[in-house]
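Participant: Below you will find the structure I want to go over with you.
Taken together, the values in this text are just the output of simple stated rules run on the coordinates, not laboratory data. Note that the coordinates shown come from a computational prediction; the quantities given were computed from them, not determined experimentally. Here the Cβ positions follow ideal geometry from the backbone for every residue, glycine too, while neighbour counts run over all protein chains shown.
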Amino acid sequence: MVARLVSRDLPVRIGSRSGTPPFDWHEPTTWERALYGVRSVYVAYHPDAGFPGAAQAVGAFSDLAVRCGVRRLVLLADRGAREAERCEQEVRSCGAEWTVVRTGFISQNFSEDVLTDAIRAGVVALPAGDVAEPFTDARDIADVAAAALVEDGHTGETYEVTGPRLLTFTDAVAEIARRTGRTIRYVPVSKQQFATTLTEHGTPERFAQPLADLMAEVFDGRRARLADGVHRALGRGPRDFADYVHDAARTGVWTDRGA
């Protein structure tokens, strides 16, 4: 996202705890300084717009942003999550120009954080059952969000960003296995089993349990459909999961470090 804006020779301020000035979603006293002099904001709540309390924080931030002179907000929302829908309502009612970018499970999750180790170990265990998901490439999300942030014609639009086909997690893991030549399997687990595994690997319980609850909520089939958000926003089709797997495998991210 930042690289796309920088490539357009636009000034960019990164809102993070290590940014200048620092920004922390959980420390509202950091918000106003980060908003000073800013006219457009990409709103990506951490850890996820579907987490409990997200709508309250996003609402308070959006209202403050408008008071600070921000004219345009682009919200990253979790497709199908009730709390994320409340975040959308808050942004729509704050008085700024707004665009919503809804997304589901991001393909790059397989090559980042805890799922990277799961792929290397050969077992991916998630509370997603056998539901189908239109895995979304993070590069498509960034392209759509960047366009909405700096171009005209996107105000008042809700873009559902998905990949071009539905796959189950069994299908997705099988594609990674074929591309890497490894034996990898997907195992559906309960949300409690998933939360326990996360905490055993060092994830704080305050994050692990809400994440497990969120996954159980959205992986009930409600997201098992394709949408045209990429085409409507950019005039092109979305990237396929196979393209992501090809690119990620070339980096060696899934190579067994013990091999």
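Participant: Among (1) buried (at least 23 other Cβ atoms within 10 Å of the Cβ); (2) without any contact (Cβ under 8 Å) to a residue 40 or more places away in the chain, which single condition is Ala138 missing?
Facilitator: (1)
Participant: Here's another thing I want to ask about it. Name the residues in the stretch 180-195 that are part of a helix (DSSP H, G or I) and crowded, with 17+ Cβ neighbours inside 10 Å, would you?
Facilitator: Looking only at the stretch 180-195, we keep the residues that are part of a helix (DSSP H, G or I), and these are 180, 191-195.
Those that are part of a helix (DSSP H, G or I) and crowded, with 17+ Cβ neighbours inside 10 Å: Thr180, Lys191, Phe194, Ala195.
Participant: Hey, another quick one. Just to be sure I understand, how many residues within the stretch 84-104 are out of contact with any Ser or Thr (no Cβ under 6 Å at 6 or more places or on another chain), under 26 Å from Glu133 (Cβ atoms) and touching a residue at least 40 places away in the same chain (Cβ under 8 Å)?
Facilitator: Residues meeting the conditions: 5.
Participant: Among the residues of the stretch 210-259, count how many are closer than 19 Å to Phe110 by Cα, assigned to a helix (DSSP H, G or I) and within 16 Å of the chain's Cα centre (by Cα).
Facilitator: Of the residues in the stretch 210-259, 7 are closer than 19 Å to Phe110 by Cα, assigned to a helix (DSSP H, G or I) and within 16 Å of the chain's Cα centre (by Cα).
Participant: Look at the stretch 36-67 and say how many of its residues are free of Cβ contacts under 8 Å to residues at least 40 places away in the same chain, touching a Phe, Trp or Tyr at 6+ places or on another chain (Cβ under 7 Å) and crowded, with 17+ Cβ neighbours inside 10 Å.
Facilitator: The total comes to 4.
Participant: What are the residues in the stretch 150-166 that are closer than 18 Å to Gln108 by Cβ and either free of Cβ contacts under 8 Å to residues at least 12 places away in the same chain or surrounded by fewer than 20 Cβ atoms within 10 Å (Cβ to Cβ) (or both), if any?
Facilitator: Pro164, Arg165, listed by residue number.
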